[in-house]
Each structure stands twice: as structure tokens, then as C-alpha cells.
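Every number here is computed from the coordinates shown, using simple stated rules; none is lab data. This structure is a prediction, so every number in the text was calculated from the model and none was measured. Positions of Cβ are generated from backbone atoms using ideal geometry, with glycine treated the same way; all protein chains shown enter the neighbour counts.
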Amino acid sequence: MDSFIAPFADYAFMRRALVGCVLVALGSAPLGVMLVLRRMSLMGDAISHAVLPGIAIAFTIAGLSVSALGFGGLLAGMAVVLAAGLAARFTLLREDASLAAFYLMALALGVFLVSTHGTALDLVHFLFGSVLAIDNASLYLIAAATSVTLLTLAVIYRPLVVESFDPLFMRAVQGRGGIYHLLFLMLAVLNVVAGFQALGTLMGVGLMIVPAVAARFWARALFPTMLIAVGIAIAAAFGGLILSYHSSAPSGPAIILAAGGFYLFSLIFGRYGSLRTRYVPASRHLEH
């Protein structure tokens, strides 16, 4: 009780931090599963860097306004994603290469703007976040982003899955595969911006990707994998906050380390494709 429940019962900031992380997990983890499925795991990291210049510009204009920072990050992320897509469409570059170039430029611009118009403390806050400092306005923004994400995923789920497995078939049948791909990237940007409010631009994507990768070892079907990823993300948020509370360590890295612990456990003991199933003969027979 004292170790696991009392911190949330006694302190409102711990409760707000947990609610914020749960909301981030609900929206980000399913998208992370889709990113892994589409072999775009590093796309989330690229987008997390791409939003920084918009956040920095909003910071120089409006200070630490939650709505301004979120809007600025959203615009910057969308601009980088669209620019990378257009460069891939009209040049010989692949989308991952063009995105890498644009996001590195965006990261450098963001760091430059924050360094020249802010302080080192501001830069650390933008990059790594402060989940224990979440206020009600941030919770409303995260809740809105999560609601939009889940509703949109529910609407485009089937064509998005088809486009993920066989984009050529989707183009041949409907010719709208690019629309679903763009909507998916927009949702990824939206959730990176929402995660920034809690975990910063660098740590926010961790709660999107790491639980999704871990969940792949426990399920084969897509929807159960999404549910497991959400559960792992929520458990990592709870465990990371408890670890941060008792060790006085930064909360964001503690949450991602907790998610990393779940990943390592899944890598070794998971039901499908783990080290246990591949190298322990008895476990292979049990699996079948």
C-alpha cells in the first residue's frame, strides 16, 4: 500500500501524471503497432524530432502556453511529413531517406531556436518533458488527441490494415492508399505532440514504439497485439512513476526504462518468436 498506492492517493500531481500517461498509452500504443507492422518503427523517432522547431517558435511567441506549443508542434510535424512525402514522390529518394534529411534539419533548427531564445533548462524540458508537472490544460489536450486518434482509427482500420499489408492491391482497387497513409502519419504527429506534453519530444515516442515491439512476442493477430501494447504501456507508466517517486529520478526516462524492461522480458520469454521458443526445444513443442 505505502509503496504502490499511497503516492497516487496522497499527491494530486502523481494522479495527473498517471492519467496523462494512460491517455498517451491509449492513443500511441495502437499507432506504434501499426508502425511496427509497416516497418516504420523509426518514423516515430523522426516525427518526434520534426515537431521541435514548431514548439520552439511557439515558445518564443507565446511562452509556455499549452495550446500554442501543441499547435506549433502539430504544424511543424505535418510540414516535415508532407515535405518528405512530396520529395519522395517527385524525386528518386525513398520516403525514409527524405524524411531523415528533413527531420535532422528540423531538429537542428529547433535546438538553435530554443538555445538562442530560451535557456538550457527550456531545451531539456522540451526534449525530455516533465510528466509530474502536467496540469489540467495538458490533460485536456492529451485527451482530445487520444479521442481523435481512436475515432479515426476505428473509421479507417480496415483499409489501413489492407494498405499496410498490400499497398499495391489497395492502389489497384480503390486508388486511395495514399490518403490512408497520410491520415496515419497525421495521427502519428498528433500523438507525438500529445506525448510531448508529458514526456518531451524524445521520450514521448518511446511509449509509442517500445510497448508495440514487446507486444509482438505475445500475440499474432493485429487487434490483440494492440490491446497488449496498450496494457504494457499503461503498466510501464505506472511502474515508471513509482520508480521515479521512490528514487527521485526523472519520471520520463523511468517510464521508458520500465517499458524497456517489459520488452526484454518479452524478448526472452514471449509466446511467439522469443529466445525461449527458438532455443528451448520443449517450449517449441508447447507452442504447437
Summing +1 per Lys or Arg and -1 per Asp or Glu among the other residues with Cβ less than 14 Å from residue 82's Cβ gives 0
Of 194, 214, 87, the one that fluctuates the most in a GNM where the chain has Cα springs shorter than 10 Å
87
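Would you mind ranking 140, 279 so that the residue whose beta carbon has the fewest other beta carbons within 10 Å leads the list? Present the calculation step by step, with values, prior to reporting the outcome.
Numbers: 140 12, 279 9.
Lowest count first: 279, 140.
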From the helices alone, meaning DSSP H stretches of at least four residues, give me the mean residue ellipticity at 222 nm for the chain, per-run term -39500 (n - 2.57), in deg cm²/dmol to the nearest 500.
-27500 deg cm²/dmol
Between segment 235-251 and segment 14-77, what is the C-alpha centre distance in whole Å?
21
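Given the peptides 47-60, 2-15, arrange them by the average over their residues of other C-beta atoms within 10 Å, most packed first. Don't skip to the answer; put the middle values down first.
On the way: 47-60: 26.1, 2-15: 12.6.
In descending order of packing, they fall as 47-60, 2-15.
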If you bin every alpha carbon distance in segment 6-271 into 5 Å steps from zero, what whole percent lands in each bin?
1, 7, 13, 18, 19, 17, 13, 7, 4, 1, 0, 0
Arrange the peptides 254-267, 24-37 so that the one whose residues have, on average, the most other Cβ atoms within 10 Å appears first.
24-37, 254-267
Quick one: among 216, 89, 16, which has the greatest mean-square fluctuation in a GNM of the chain with alpha-carbon springs under 10 angstrom?
89
Segment 1-160 - Kirkwood radius from inverse mean 1/r over Cα pairs (Å)
17.4
Segment 6-271: relative contact order from alpha carbon pairs under 8 Å, six or more residues apart, as a whole percent, is 29
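If you scale each eigenvalue of the Cα gyration tensor by 5 and take the root, what three semi-axes come out for segment 12-59, rounded to whole angstrom and sorted largest first?
On the way: eigenvalues 106, 80, 7 Å².
Each semi-axis is √(5λ); the values are 23, 20, 6 Å.
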